[in-house]
1. Tell me which residues, restricted to segment 11-26, are in contact with a Pro (Cβ under 8 Å, 6 or more places away or on another chain) and either outside any loop (DSSP other than H, G, I, E, B) or of a type in the set (Lys, Arg) (or both).
2. For segment 95-105, state whether one or more residues are modelled with pLDDT of 95 or more, under 16 Å from ILE11 (Cα atoms) and touching a Leu at 6+ places or on another chain (Cβ under 8 Å).
3. Cβ-Cβ under 6 Å, sequence separation 6+ or interchain: first residue in segment 46-69 and in contact (Cβ under 8 Å) with a residue 24 or more places away in the chain, partner part of a loop (DSSP other than H, G, I, E, B) and buried (at least 21 other Cβ atoms within 10 Å of the Cβ). Which pairs?
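The values are calculated or read from the model by the stated rules, or taken from the named source; none is laboratory data. All figures in this text were calculated on a predicted structure; none of them were measured in a lab. Counting neighbours? That spans all protein chains shown, and the Cβs are built from the backbone with ideal geometry, glycine included.
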Amino acid sequence: MTNEEKAGKKILLAEDDKFISLAYLDGLKRAGYDVEHAKDGKEALEKIKSYNPDLVFLDIIMPEMNGFEVLEEIKKDEKFKNLPVIILSNLGQDTDITKGKELGAVDYLIKANFSMAEVIKKIESYLK
């Protein structure tokens, strides 16, 4: 994916951890993406409607609404039901991964297991 193609792609990062948010925002912006941040589940839903992202990174453990609840709401909305959502979490139990995929996530990444370069490759595979 060229930088021109990336520049037109919008990503919403829904993550409540300040340090992780800064790291991902920096990495995604350096990779050439237009990135917005939501610090809780409720704000994530609001920003999906106003920002209209091409892809969402969604943490599970967040205030207001957890990531599973946000994902359910996204998939209920006719306008956003096909929006690719990648869960980005520290929860790595099989039950969490299965639940995320059953609710409609296209992928489930455990934060500690993926470098920024690997995350960028994942994004590119879903934004073709």
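1. ILE11, LEU12
2. Taking every residue of segment 95-105 in turn, at least one turns out to be modelled with pLDDT of 95 or more, under 16 Å from ILE11 (Cα atoms) and touching a Leu at 6+ places or on another chain (Cβ under 8 Å).
3. So the pair list comes out as ASP59/GLU15; ASN66/ILE60; GLY67/ASP59; GLY67/ILE60.
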